[in-house]
Every structure is written in structure tokens, then in C-alpha cells.
Amino acid sequence: MTQDIPAPQTQEADFLVVTGMSGAGRSTAANVLEDQGWYVVDNLPPELIPSLADLAARQRDERGTEVRIAAVVDVRARLFTGELRDGLRMLREMGWRPQLMFLDATDEALVRRFESVRRPHPLQGDGRLLDGIQAERRTLGDLRAEATVVIDTSGLNVHQLGRKLTPIVGTSSGPSLRLAVMSFGFKYGVPLDADFVFDMRFLPNPFWVPELRSLTGVDAPVADYVMSQEGAGSFVDRVVGVMEPVTGGYRREGRRYATLAVGCTGGKHRSVAVAEALSRRLRGDDVETFVVHRDLGRE
């Protein structure tokens, strides 16, 4: 049957499967995708993915325009992992170029979110909330490793997650690599989705300068202070040099998104200033950068 289904000819990803931990932000991702012009189907059973692709191909042929499809699937589907793998395989056989996005968060963040809405976890049963979360994490472990993009939503509110997702799921025209430069505070934990992590705690902390304490790394006095410290400029230069062959390799391998994280103690001063500097330096004709200050404002 699959050979009779018209296949899209686009070379970009045109079918996005969004999954991940319950409570990690799948509904927010669906809203962002809709805003970016994707046709989104929520809570789709994985076995229906090929049927959705068939419908989308016929819609494309009737309208004469490309159709970008997103399917949001979760662990409540029976035989979830195997059926999802089969669905992705069938999409490739049909000529689509699917990508798998996995949304994750720490157990602590997920517990906090479920408790705030007073809803049980779908796998909790008669056990504790944490039991359901850990059961789901075991179920999805291998699938997470296979994902094209993994996003840690632990320290992000709905609006921050939306801003982070937009450059990833937006139009496919323009730069071939989108690089998120994220600042964070080590006391809040290292981001789960970071591909590269750098530590800014080797620089003097502006927190101990009275006139800078209440400011942040996006303010010019703090940024000037941080970047004037011994080693700050050479650090940025060397990171830019290290990332040059990496970004080139990512583009050749077809990887469209990566996260570079820089941390300091609280994610307020040093990491913020350096993240801004790195974002400016790493931006190029074929690399789009955007900054996410994960922990700014948490204190």
C-alpha cells in the first residue's frame, strides 16, 4: 500500500513527531507549531501516523503547496514505543523526512507541575506520582536517545518554552543550523538538553560588587565588567574557534539544532554576559543563534 501514496519531494523535515514526558510541555509545543503554520494533530495513536501522512499528501496534491504535519503522541498509547518506531519507519518509506522531538524535564519539575494542577500521572495507577514519572521515563528511555531534538523544559515557563521552540520549528528557509546559547545557574542544575557546557565560575563574580549586584548580565555595566576580566575575551575566542568545525560538521550531517550552555553560580551575571557575547560571535550566514537565559529572574 505504501508505494501507492504520493510522497513529498521537499528536502527539509516535513513531518514532526512530538513526544516526551507527561507534563514536559507537549501542549505548549503543539500551540507553537500551529502558530508557525504546521498542521497539528494532538494525542494521535502512533499506528495512525501513516494514515495522517497519506491524508496530508493528498491535501498537498490538491492545493499544490507543501504541507507540514506535526503529530503529538504520548505514553498513553498502547505499545507506544514499538508502534512509534514503526510509524517513523513507514514515513521514511513513503518519502517523508520525519523528525522526532522529545520534551524532557527533571523528576522534581514534573512532580511540581502535576501537583500544581492536581492531576494524576497517566501511569501512576495506585502508586505515587513519582512512581508514574519513573515508569514513564523507563518506557521512553530508548526513544529519547533516538530523538532528533531533545529539549529540557525544567526551568522554563510556558512563554520561555514558546520562545525556545519558535526558532526550531519555524520556517525551514534561511540558516541551516539554529544554535541556542543558554545561560544557567549551576545551583539550579545543568540543562538536560545541552550539547556543550561551559563553566564561567573562573571569572570574578559581579555579585560582590555592590553597584552591580542588582543588575544582570544583559546590563552594559555588568557585561563590560565581566568581559574586561582576565581570560574572558580569550575564552570567547577559543569557544568560537572550537565551534567552527563543529557547526560545519552539523550542517554536513543535516543536524539543524544544537544547544550551547554557559553556567555560573546563579545564572544572573557572568553566564548571561558571556552567553550574549557568544551569540553575537557565533552568528553567521548559515548559523542562526538565539539566547535563552534560563534562570534569569529566579532569585
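Key figures
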| quantity | calculated |
| --- | --- |
| Debye equation applied to the C-alpha atoms of the stretch 208-259, log10 I(q)/I(0) at 0.14, 0.31 Å⁻¹ | -0.57, -1.10 |
| For the chain, Kirkwood radius (reciprocal of mean inverse C-alpha pair distance, Å) | 20.7 |
| The stretch 198-287, relative contact order in percent, only Cα pairs under 8 angstrom and at least six apart counted | 44 |
| Diffusion constant of the stretch 17-160 at 20 °C, which comes from Stokes-Einstein with the Kirkwood Cα-pair radius and 1.002 mPa s, µm²/s | 134 |
| In sequence order, calculated HN-Hα J values of the stretch 91-103 (Karplus, 6.51, -1.76, 1.60; Hz; x Gly/Pro) | 4, 5, 5, 7, x, 7, 10, x, 10, 10, 9, 10, 9 |
| Qualifying trypsin sites (Lys or Arg not before Pro) in the stretch 187-277, DSSP loop, other Cβ atoms within 10 Å at most 14 | Arg201, Arg213 |
| Dimensionless Rg over Rh [the stretch 144-299; C-alpha; Kirkwood] | 0.96 |
| The stretch 65-218 - charge dipole about Cα centre, Lys and Arg +1 at Cβ, Asp and Glu -1, debye rounded to 20 | 280 |
| Listed residue (Val117, Gly297, Leu55) projecting farthest to the positive dipole end of the chain, Cβ model | Gly297 |
| Candidates Met21, Met182, Met94: whichever shows maximal mean-square fluctuation once the chain is modelled as a Gaussian network with Cα springs under 10 Å | Met94 |
| Dipole moment magnitude, nearest 20 debye, the chain about Cα centre, only Lys, Arg, Asp, Glu C-beta charged | 400 |
| Under 5 Å, built H, 5+ apart or other chain: amide partners of Ser183 | Val262, Val292, His293, Arg294 |
| Selection of GluC sites (Glu not before Pro), the stretch 206-295, meeting DSSP coil and at most 16 other Cβ within 10 Å | Glu211, Glu230 |
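Coordinate-derived values only; no laboratory data. Computed from a predicted structure; not experimentally measured. Note that we place each Cβ from the backbone using ideal geometry, even for glycine, and neighbour counts take in every protein chain shown.
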